[in-house]
Amino acid sequence: MSIQTRQMLEVREARKERGWHWLTRPPHRGEDPRLKRIGIHIALIVAALIAVFPVIRVFGTALRPGNNLLNPTLEIIPRGATLDAFHHVLFETNLPNWLLNSLAITMGTASVGLILAATSAYAFSRYKFRGRSLGLTFLFATQLIPGIMLLVPIFLLAAQLKLTGTYQGLVIAYSVTAIPFSIWILKGYYDTVPIELEEAARIDGCSEFQAFRKVLLPLSLPALAIVFLFNFLAAWGEFFTARVLIGGREELLTWPLGIQRFQAQFQTQWADLSASAIIVSVPIVILFVYVSRYLVSGLTLGGVKG
Amino acid sequence: MLNLGQAWTAISDVAWTVAVLVIGVAILEAILWLVFVKWRKSALSLPIMLLTPAIIGLLVLYVYPLLWELNVSFTKMGIRNFVDPGFLGLTSDPQIFVGLDNYRDVFTKPVLKQTGFYQLFAQTVIWTVVNVTLHVVLGVALALMMNRRLRGRTVYRALLILPWAIPAFASLQIWRTEFNFQYGAVNQLLGVVGIAPVQWLSDPIWNFAAMILTNVWLGVPFMMVITLGGLQSISQDYYEAAELDGASTAQSFRAITVPLLKPVLVPAILLGTFLTFNNILVPFFINQNELETSDILVTALYRAAFQFSRYGFAAAFAFVIFAILMIFTVFYVRKTNALKGAYE
């Protein structure tokens, strides 16, 4: 009998003596007892299944062949699985163009919004001036405004300035509406960075602006990443403003406006819709995975670093 | 198929807009620099230069539209009375001026075809309270479970964040198809457990439940991530000290976790309330049969403005909705001190 086997048997004997205690007592300091850990795993697995279930379903639907679309079934990989739907939406519809349109708009607005917010948040965080609390209150109050409320006047203004039916109005509208929330998040984060660092840089001969750009901005990378992600998310899936400002111009549609078309004849285009949903989610999930390491550290709410 | 010509138009359109914005801001900054740095030698010239572009943007896209709405809310402007409301839409035409009638109508006449303000308000309150409560309870519970020494923690986190990472617009289309009576997965799953299929899309009560189910699925990850951040910022020393003093797990949860989590959760709940109260995507897309029992205030506002084209009425309605949320916020902030530290 080898040493390992003997040790194993000894452990087993010891467990028998202790009865069920090995299940309920923590094996190491700072760890939970086994029973509790099993319970936690079960709860988390159930939650993860619920979170992932629609995603799995979408893959299943997208892979279905045309003659199997309306089969009420729960099987994950359908019989006769095929990539036809992906091929169809990528090569026979305008989805690639819609995606590219959305990507161009989203990158443009997320960058412009981030720059405007990063600089304004610095002013709010580091300077005292008249109208400062009024400004912060106003920025906060904008979050209470139902977005739909501003749509009619913004549309009329854009129409008067000949900015409808192009991306110009949309890019400006997205960039500016992203500012208030971004300023709040960034100001909250800047507030947690000690001002002494910038003062030291000033003594070393940096200008005010250089202290901001070379000291504070690099330190605020997590918050900047989060704000970029939020602005990206908001513009990527936006529907109502785009519908009003772009109107019916076929070549300008963003993907949310575009895949609405697959909905028109619900039954025949179920697979197309699913395939598109997967394709449009890919860029954002990649971005999310990339930024997610900042997700916990970069999100500050109410001046408390989360 | 990718049409390169169209793609080029789109990219150049956006690039051109960004370039115009950048040049505009550069000219603006040059003027500000001359005025405040060279001429006035102001100590606040940097914040002025940093803030001005954003302020101009906010004036054009928030302040101006709000003034326009305020002006129109005193008129009977609609698709039949589409009168140019004057200079920049900010003066008023006596022909369509109706004073406070719209504000009175919000409370006395049906907002939609049959449903009036009070029912919509009640539906919105139920929608918001149920959603935010479930978001917080489930989000905190999941975060507490994940904030332990646990195998596969990163895998769980990646999977549980998915509903947030997928664009809500895409997942809403999917959820709607899954609520389909005959082919949707939800009814089939119920069938597996032996429950009769449910009319998720046409029955008023079940449609409301479907909306809430969808929104809970969408919103829990955000609360979970916020809570996880809060939990990780609590020093482990507190728990060890409590353990040495003989505190039970429940005691240290109540005495350490809850109070130290509060400053993170209180503003998160406020933000969650705004997002839920003003959420138009979920009630709009899950309720495809236009059941008025599934409308909340903001979707009713969308219908009043864009389906019934009652601009004057919709403007007044919008201010009422804004006021409701404002009153709630003032009470909430007073009671919980949610914005403590934000003004320092």
Against the rule of thumb 2.2 N^0.38 Å, how large the Cα Rg of chain B comes out: 1.26
Carbon and sulfur %, accessible surface of region A:99-179 computed with the full protein complex present, 1.4 Å: 71 percent
Simple Cβ-charge dipole of region B:4-84, Lys/Arg +1 and Asp/Glu -1, about Cα centre, in debye nearest 20: 300 debye
Cβ-based charge dipole, region B:4-84, positive-most Cα from B:LEU46, B:VAL25, B:GLY78: B:LEU46
Heavy-atom accessible area order for B:THR115, B:THR52, largest first, 1.4 Å probe: B:THR52, B:THR115
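Under unit Cβ charges (Lys, Arg +1; Asp, Glu -1), what dipole magnitude, rounded to 20 debye, does chain B have relative to its Cα centre?
Using only the charged Cβ atoms, the result is roughly 420 debye.
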Normalised contact order of chain B, rounded percent, pairs of Cα under 8 Å and 6 or more residues apart: 24 percent
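What does the charge count around B:VAL111 come to, taking other residues whose C-beta lies under 15 Å from its C-beta (Lys +1, Arg +1, Asp -1, Glu -1)?
Local net charge: 0.
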Hz values of 3J(HN,Hα) by residue in region A:118-127 - Karplus curve (6.51, -1.76, 1.60), Gly and Pro given as x: 4, 6, 5, 4, 4, 4, 5, 7, 10, 10
Neighbour net charge for A:LEU170 - beta-carbon separation under 15 angstrom, K R +1, D E -1: 0
Estimated dipole of the protein assembly as shown in Debye, rounded to 20 [Cβ of Lys and Arg +1, of Asp and Glu -1, Cα centre]: 1220 debye
Cα gyration tensor category, rounded, prolate or oblate, for region A:89-305 with a/c compared to 1.5: prolate
Accessible solvent surface per residue of the protein assembly as shown, calculated while the other protein chains remain in place, 1.4 angstrom probe, Å²: 47 Å²
Other-chain or far-sequence residues with amide H under 5 Å of B:THR75's (modelled H): B:VAL98
Bins of 20 Å, starting at 0 and running to the largest distance - Cα pair percent for the protein assembly as shown: 16, 48, 29, 6, 1, 0
Whole-percent carbon and sulfur share, accessible surface of region B:4-84, 1.4 Å: 76 percent
Accessible surface, 1.4 Å probe, highest first, among residues A:SER292, B:SER73: A:SER292, B:SER73
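The values are calculated or read from the model by the stated rules, or taken from the named source; none is laboratory data. Because the structure is a prediction, the values reported are computed rather than measured. So basically every Cβ, Gly included, is an ideal-geometry build from the backbone, and we count neighbours across all protein chains shown. Note: areas computed on protein heavy atoms with side chains; ligands, DNA, RNA excluded. Shrake-Rupley method; radii C 1.70, N 1.55, O 1.52, S 1.80 Å.
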